[in-house]
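To start, the structure itself, in structure tokens.
The values are calculated or read from the model by the stated rules, or taken from the named source; none is laboratory data. Please read these numbers as outputs of a predicted model, since none were measured by experiment. Don't worry about glycine lacking a Cβ; one is built from the backbone with ideal geometry, like all the others, and counts go over all protein chains shown. Surface areas here come from the heavy atoms of the whole protein model, side chains and all, with no ligands, DNA or RNA. Shrake-Rupley method; radii C 1.70, N 1.55, O 1.52, S 1.80 Å.
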Amino acid sequence: MSRMIDFAPGAPGIEARWTSSAKNGVGTALSEDSPVWFTLSHGILNEIYYPRVDSACTRDFGFIVTGPEGYFSEEKRDCLSQTQPFEGAIPAFSIVNTARDEAYRIEKNIVSDPHRPCVLQQVSFTALKREPGDYRVTALLAPHLVNAGQLNSAWIGEFQGRKVLFASGRSRYLALVCDLPWQAVSAGFVGVSDGWQQLRKSGRLSEQYCRADDGNVALSGEIPFTLAHNTATLALGFGQTEYEAATCALNSLRDGFAQAREHYISNWRSWQAGLQPLDRHTHDGINAYRISTAVLASHRAADRHGAVVASLSIPWGFSKGDDDLGGYHLVWPRDLVETAGGFLAAGDGKEALAILAYLREVQQPSGRWPQNLWLDGKPYWPGVQMDECAFPILLADMLHRHGHLDADALQTFMPMIRRAANYILANGPATGEDRWEEDPGYSPFTLAVEIAALLGAADLVERDGDATAARHLRETADCWNEQIEAWTFSGDTDLCASLGISGYYVRIAAPGATDTAGPTGNTPIRNQTPDRAILPTNTVISPDALALVRFGLRAPDDPHILDTIKAIDHSLRVELPQGPLWYRYNDDGYGEHDDGAPFDGTGIGRPWPLLAGERAHYELAAGRRDAAESLLATLERSAGAGGLIPEQIWNGPDLPEHELFHGRPSGSAMPLVWAHSEHVKLLRSLADGAVFDMPPQGVQRYIKDKTVSKLRIWRFNNRLSVIPPGKMLRLELAASATVRWSLDGWTTVNDTPTVETGLGSHFVDLPAQDGAAGQAIDFTFFWLETGQWENANFSIRIGG
């Protein structure tokens, strides 16, 4: 007979790990009263998030079945699993897990309670061999409160006459109750005294430990299924205290699973009823559009409107521990704006506007946004990515063009737009990191977003009555746009000769002053072993160049674009069973190793379905609708079994021992919200017959009007040494000054005061266009605020 013991041995347990990132279900109740989000994979609950969508509180929650003659079967490893939504693409799930040896079947229905933070499981157990009484069914719950598996505590207690399984960590609590009385319960340290160890050893919870404190802990509870009582409801409640969590769980039990399910489904029906009718059914009957929109909505914060995390998963989570606090359940401003575009394309302009409001709230005083951040605005990684500084402007412009920002509403966002635009002026066009968060320099993708954002900001500030600032922004955009090819277009001589092309846009060119920067030298390849960590810049190719078309700066049939497409397809295209996909760039190291081992700082990058969506948008822009439709099908066929789109696809041979299969999702993040947003936007673009999120300003200014630049720009962080003949010299400064300058070696001296841009900075235009080739324009500064000279002269040669 099992005996009760005060404390579990084996503290603190083995090192904590997360679980598989390959989700096949994510859900939430779409209710502010229910700040809880759940994920599914391998037929069981995985991470559950509370009280915010960036706060994981569990690792997993499944069942073990034991029986006569040492029978031991773990649901997540030893069953064939089928997961289906209750209704359409509403993320309330029915799971059927059938033992591979056909000994039993577990059926589960899973929702969260719309009225409180509680996840409900209605569980039925059927013995397919022997009698139900011959088996023991034990629930195993691994708390990870909050975003960590260490320093958790678990214990067995009572509340309102019921036995309750409790856990706590970082001032958050959970409580697990069952409507059938627990047969046996235990708390233990993972890998030593937890329920899994006991069940593997003796088939039952022979040692019922009451407490396991300050370690990697687990809770176990045996459910007394019989032929007459083969169904139980388990409620996992959360709270700020153990009593709050237990009250939550017991109230959900008392209200019943049927009521929670009805209200859960009603919330989703109500939201989905307001969406654009972009529905299509794939070959297997899945409504991929409704799944994608559900993924977007399931990643929203309940209490911080407008915040959406990148993914409710941790890439290769089974290999990662507490040192990876964020996983992908963080906010990336780039992903967030892409997601806003998905909501807007689906018809939810209100949510897109909430995202813009959230971005306004978390903008830093400098005008930029963090590389990524927690919901409360605290930065996580410290990088500066200029596209993330520009994307919120594009969102504001898009919302305005679609009628969701009238004149009054626009006023509330103008300070944000002005600060962001000024940050771009003062720090672009080179970026501290590209969109893949790896290298600094001149990226075609980042350049496209920055220039389009400057043009969008110009329209908005002009509407706000500031023609001076608008002109300044457009002239800066013109200056940068004119130099894109000088900065990023090159090519490996042999490759270009073999493909019959003049060159291609490289992935990124090294940082430097805008007059000397170019696609020369070497590019670091992150996530690679030292022997593969450096490549010549002109050999590194990326689909990122398609952004020049997506954001309206280059025509789809521009010769530079057409040549780059040939290079991309030659170097990065991968033919897979679902159709063609593309790598991020050649020799990418962010992915599993060839033997299936998880990414560990190095690896081999795999194809990204997202890039098929981006390519489809290019094909649509080029007038090739059939090609875009084909790539839409490829994107949808790249989804996992539950319709969720992964970050990457495994393109090696089948490795069943690593759950890696050719053409199927790899072990990186799934779902990737960004990819689902791209999918929704592609459906809208195809419905409209035009790229939904293409800004119109660049198309008019550069493709139709072919506007050229009349100037070059000098800043203290962009010190030009030469300027082309015929170009005016613009000096951009952070403070007001009188500029003393000369075109004849200081024989003649001129003093010109700076003027305000209207964006927080100052500038002066000097007539370098009047100088002859070979001459120099010299200048220095008298700072008006301090009454001091710069005490240094600067000189720029006029080229020729």
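Observations on the model:
- What you get for the stretch 621-665, charging only the Cβ of Lys and Arg (+1) and of Asp and Glu (-1), is a dipole of about 240 debye around the Cα centre.
- When the Cα positions of Thr786, Gly43, Ala249 are compared along the charge dipole of the chain, Ala249 comes out farthest toward the positive end, with charges on each C-beta of Lys, Arg, Asp and Glu.
- Highest average packing first - 177-187, 100-110, Cβ atoms within 10 Å: 177-187, 100-110
- Per residue, the chain exposes 35 Å² of accessible surface when a 1.4 Å probe is rolled over the protein heavy atoms with every protein chain present.
- All-pairs Cα distance distribution in the stretch 288-387, expressed in whole percent, bin size 10 Å: 15, 47, 30, 8, 0
- The angle between the Cα long axis of helix 407-427 and the main principal axis of the chain comes to about 70°, on a 0 to 90 degree scale.
- Arg471/Asp531 FRET efficiency (R0 60 Å; Cβ-Cβ; nearest 0.05): 0.75
- Over all Cα atoms in the stretch 463-564, the spread is summed up by Rg and Dmax: 16.4, 56 Å.
- Stretchable slack from Glu262 to Gln364, in nm (0.36 nm times residue separation minus alpha-carbon distance): 32.5 nm
- Between Ile703 and Thr126, the FRET efficiency from the beta-carbon distance, with R0 = 56 Å, is close to 0.30.
- In nm, spacing of pseudo-spin labels at Asn230 and Ser795 (7 Å Cα→C-beta vector): 9.3 nm
- Spin-label zone in the stretch 386-404 - amide nitrogen under 16 Å from a point set 7 Å from the Cα of Lys350 along the C-beta vector: 404
- Distance in nm between pseudo-label sites at Arg463 and Arg254 (7 Å out along the Cβ direction from Cα): 5.2 nm
- Computed about its Cα centre, the charge dipole of the chain is approximately 820 debye, with only Lys, Arg, Asp and Glu carrying charge at their Cβ.
- Mean Cβ count within 10 Å, highest first, over the residues of peptides 660-666, 364-370, 234-240, 113-119: 113-119, 234-240, 660-666, 364-370
- Taking only Cα atoms of the stretch 563-681, radius of gyration then Dmax in Å: 13.9, 44
- Alpha-carbon gyration tensor eigenvalues x 5, square-rooted, for the stretch 204-279, Å: 34, 19, 14
- Between the residues Ala633, Ala467, Tyr104, the greatest Cα displacement towards the positive end of the dipole of the chain, with unit charges on the Cβ of Lys, Arg, Asp and Glu, is found for Tyr104.
- In order through the stretch 246-254: 3J(HN,Hα) via Karplus (6.51 cos²θ - 1.76 cosθ + 1.60), integer Hz, x for Gly, Pro: 5, 4, 4, 5, 5, 5, 5, 4, 5
- This model, with +1 at the C-beta of Lys and Arg and -1 at the C-beta of Asp and Glu, gives the stretch 595-752 a dipole about its Cα centre of some 1140 debye.
- Split the accessible area of the stretch 384-430 by element, probe 1.4 Å, and carbon with sulfur accounts for 53%.
- Protein accessible area in the stretch 474-514, 1.4 Å probe - carbon and sulfur %: 51 percent
- Using a Förster distance of 41 Å, the FRET efficiency for Phe782-Gln411 (Cβ separation, nearest 0.05): 0.65
- J(HN,Hα) series, the stretch 648-663, from Karplus relation 6.51 cos²θ - 1.76 cosθ + 1.60, nearest Hz, glycine and proline x: 9, 10, 6, 10, x, x, 4, 10, x, 5, 10, 6, 10, 9, 4, x
- Pairwise alpha-carbon distances in the stretch 374-467 exceed 17 Å for 51% of all pairs.
- Its Cα gyration tensor gives the stretch 421-461 an equivalent ellipsoid; the semi-axes, largest first and in whole Å, are 20, 10, 7.
- Taking packing as the residue-averaged number of other Cβ atoms within 10 angstrom, the listed peptides 40-47, 520-527 run from highest to lowest as 40-47, 520-527.
- With only the Cα atoms considered, the chain has a convex hull volume of 171 Å³ per residue.
- Cα-based helix-to-principal-axis angle, 559-572 vs the chain, degrees rounded to 10: 30 degrees
- Note on the stretch 701-800: with neighbouring protein chains present and a 1.4 Å probe, carbon and sulfur make up 50 percent of its accessible heavy-atom surface.
- Selection among Ala597, Leu655, Val680 by position relative to the dipole of the stretch 594-688 gives Val680 as farthest towards the positive end (Cβ unit charges, Cα centre).
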